[in-house]
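Worksheet for the structure shown next.
Since every read-out is calculated from the coordinates, none of them should be taken as a lab result. Note that this is a predicted model, so its numbers are computed, not measured. Here the Cβ positions follow ideal geometry from the backbone for every residue, glycine too, while neighbour counts run over all protein chains shown.
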Amino acid sequence: MFRATQISRRSLVFLFALLAAVGIAAEAEVEQKPNVVILFTDDQGTLDVNCYGSTDLKTPNLDKLAASGIRFTQAYAHVVCCPSRAALLTGRHPQRGGINHWTQGDRHGSDQSNSNMAATEITLGERLNSAGYQTAYFGKWHLGAKLGHGPLDQGFENYFGHLSGFIDNYRHYFLHGRGYHDLYDGKVEIFRPEQYYPDMLIEKVVDYIETEREQPFFVTVAFNLPHYPEQPIGKYKDAYPDMAMPRQSYARVISSVDDHIGRVLDALERTGKRTNTIVVMMSDNGHSTENSQGIRVSDHTSGYPAGHYYLANGGGGNTGKWIGHKGQFLEGGIRVPAMISFPGKIPAGETRDQIITVMDWFPTILDLCDIQTTADEPRIDGRSLISVIEKKTANSPHQVLHFAWANGWAVRKGEWKLIRSKGSSNATTLRRLSDDQPEAKDYSGEHPSLVAELTALHQAWQNDVQPN
């Protein structure tokens, strides 16, 4: 009797230990969150990837990324860089954080701008960091250069990049006006003259990915390409010899950024982290058509002479049937390439035609990482794309879209878009997306009641998004 009881007790002890071990292992498995990488290209136009129909371009890495996940055909960013970046990182309309004008770019204050995204905005970096993620931001910030408003102040533990809208890739100066130097490692300004910035950037990203760590990581890579100055990597310096300008110059930097995206993806594969990493790719706005005589002063801080050209050659992007470009509320200015990949967890090689926005990545990533939100968090304007990702026939999460920049704005409802262009008079134009030549005709005179309806929608939205 005593012996049987002894055996029974030993068995129970063993059983409890086994159950505890299984529980700990299961808990560890549950707590193993996916890594997150956002690839944010700069001025990459509506159809400027091979898999979007631009078969004159070499974009093997973006094509491979699309094949491993979902490609979106109605993805909306914003008209220019600053509001897109605010919307991406906060999941909110940029006006809520005070972003409706160009932000301060020079930390030393030479650009005469005092606009910075409100430090009270909660970024995706802050949300993921508070959930146990290690966080890093590489590349273009453009949400304000003032101390207290940079990446390291908004939830990112590591930063390497530039704070302004763009820099020369060799001298690392912002080139508009008299220019200023703009390259930082953390909060320290660094000087690396003649080192090619995109390569430095990707080397930092690859080193970060290859570092072994116990915690999951969140990395945002905000490229300086294909934004001007159109300075390609050596591999593509003489590419596309038979292509006409300005497409040729633009194509070279498109393929350059594709090559660097490939280096990021290769690092994930090489380290065995790819299958547990969510990769999101999107552009911040349509292709640029900016053009001028270039540097206009003889004492430019970069050392470049007056007349040095650095802009976009009038534009080389492909919008297909859509019209418009960066800086406009027409489709070519705001509809951009976008894709998401999470091997084995979401469908692969599929497209989605539902309307999505750059704000949607914030709640979507939180859902995919199983991070819960609380009632006291700031209001999010983006919508989770989980149902759209899972089902091709799911309803679009957006029935109405709103955009605003300076004194210009647009509102889209269904096939109609009402636009007041930046810098224009109070006149608005009514465009239709379903025409054979979308948005080419102004219907405002034919549909005054629709103009009134969309104007009222805009006014209500504008009142709602004013900063508190």
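Using a cut-off of 12 Å between beta-carbons, work out the net charge of the residues near Pro232 (Lys and Arg +1, Asp and Glu -1, Pro232 not included).
On the way: positive: Lys58, Lys235, Lys237, Arg252; negative: Asp199, Glu230, Asp238, Asp258, Asp259.
With Lys, Arg at +1 and Asp, Glu at -1, the neighbours total -1.
Given bins 20 angstrom wide, list per bin the percent of all Cα-Cα distances in the chain, short to long.
Calculated over all Cα pairs of the chain, the distribution is 24, 56, 15, 4, 1, 0 percent.
In deg cm²/dmol and to the nearest 500, what is the mean residue ellipticity at 222 nm of the chain if only DSSP H runs of at least 4 residues count, each as -39500 (n - 2.57), divided by the residue total?
The helix contribution divided over the chain gives -8500 deg cm²/dmol.
For segment 206-263, what D do you get in µm² per second when you plug the Kirkwood radius from alpha-carbon pairs into Stokes-Einstein at 25 °C and 0.890 mPa s?
187
Per residue, how much space in cubic angstrom lies within the convex hull of the C-alpha atoms of segment 344-440?
Convex hull volume per residue, Cα atoms: 140 Å³.
Among Thr301, Thr374, which comes first, second and so on when ranked by fewest other beta-carbon atoms within 10 Å?
Thr374, Thr301
Test of the criteria: in segment 338-423, which GluC sites (Glu not before Pro) are in a DSSP loop and have at most 16 other Cβ atoms within 10 angstrom of their Cβ?
The qualifying sites are Glu415.
Please compute, for the alpha-carbon atoms of segment 400-465, the extent along each of the three principal axes and give them in descending order in Å.
For segment 400-465, the Cα extents along the three principal axes come out at 34, 23, 18 Å.
Show me the ranking of peptides 268-280, 80-92 by mean Cβ neighbours inside 10 Å, starting with the highest.
Ranked from most to least packed, the peptides come out as 80-92, 268-280.
Can you pull the Kirkwood radius for segment 228-342, inverse mean 1/r over Cα pairs, to one decimal in Å?
Its Kirkwood hydrodynamic radius stands at 16.4 Å.
Quote the convex hull volume per residue of segment 366-411, based on C-alpha atoms, as a whole number of Å³. Could you put the intermediate results ahead of the total?
Working: hull volume 5.5 nm³, N = 46.
Hull volume over Cα atoms, normalised by residue count, gives 120 Å³.
Please list 3J(HN,Hα) in residue order for segment 292-298, calculated via the Karplus relation 6.51 cos²θ - 1.76 cosθ + 1.60 where θ = phi - 60°; whole Hz, with x for glycine and proline.
3J(HN,Hα) across segment 292-298, in whole Hz: 6, 6, x, 5, 10, 10, 8.
Fewest to most neighbouring Cβ within 10 Å: what's the order for His162, His142, His108? Please report the intermediate quantities before stating the final value.
Details: His162 24, His142 28, His108 10.
Ranked by crowding around the Cβ, least crowded first: His108, His162, His142.
How much of the DSSP beta bridge set in the chain is antiparallel, as a percent to the nearest 5?
Rounded to the nearest five, the antiparallel share is 50 percent.
How large is ³J(HN,Hα) for each residue in segment 98-109, as worked out from phi by the Karplus curve 6.51 cos²θ - 1.76 cosθ + 1.60 (θ = phi - 60°), to whole Hz, x for Gly and Pro?
x, 9, 9, 8, 4, 8, 4, x, 9, 4, 8, x
Grab the Cα-Cα distance for Arg296 and Ser387, subtract it from 0.36 nm times how many residues apart they are, and report the gain in nm with one decimal. Please list the in-between numbers first.
Details: separation 91, 0.36 × 91 = 32.76 nm, distance 5.16 nm.
Taking Arg296 through Ser387 to full extension adds about 27.6 nm, to one decimal.
Rg and Dmax of segment 176-226, Cα atoms, in Å?
Just the Cα atoms of segment 176-226 yield Rg and Dmax of 13.8, 46 Å.
Among 43-49, 317-323, 217-223, 72-78, how do they line up by average Cβ neighbours within 10 Å per residue, starting with the highest? Provide the component values of the computation, followed by the final result.
Numbers: 43-49: 29.6, 317-323: 19.0, 217-223: 25.3, 72-78: 23.0.
Listed from highest to lowest mean packing, they are 43-49, 217-223, 72-78, 317-323.
Translational D (Stokes-Einstein, µm²/s) of segment 131-279 at 4 °C and 1.567 mPa s when Rh comes from the Kirkwood sum over C-alpha pairs?
My calculation gives 79 µm²/s for D.
Can you order the peptides 204-212, 378-386 by their average number of other Cβ atoms within 10 Å per residue, highest first?
378-386, 204-212
Given H placed 1.01 Å from N in the peptide plane, which residues other than close sequence neighbours of Thr351 have an amide H under 5 Å from its amide H?
Residues meeting the criterion, in which the H sits 1.01 Å from N, are Arg71.
In whole Hz and in residue order, list the ³J(HN,Hα) couplings for segment 174-179 that follow from phi through the Karplus curve 6.51 cos²θ - 1.76 cosθ + 1.60, θ = phi - 60°; x for Gly and Pro.
With the stated coefficients, segment 174-179 comes to 5, 9, 5, x, 8, x Hz.
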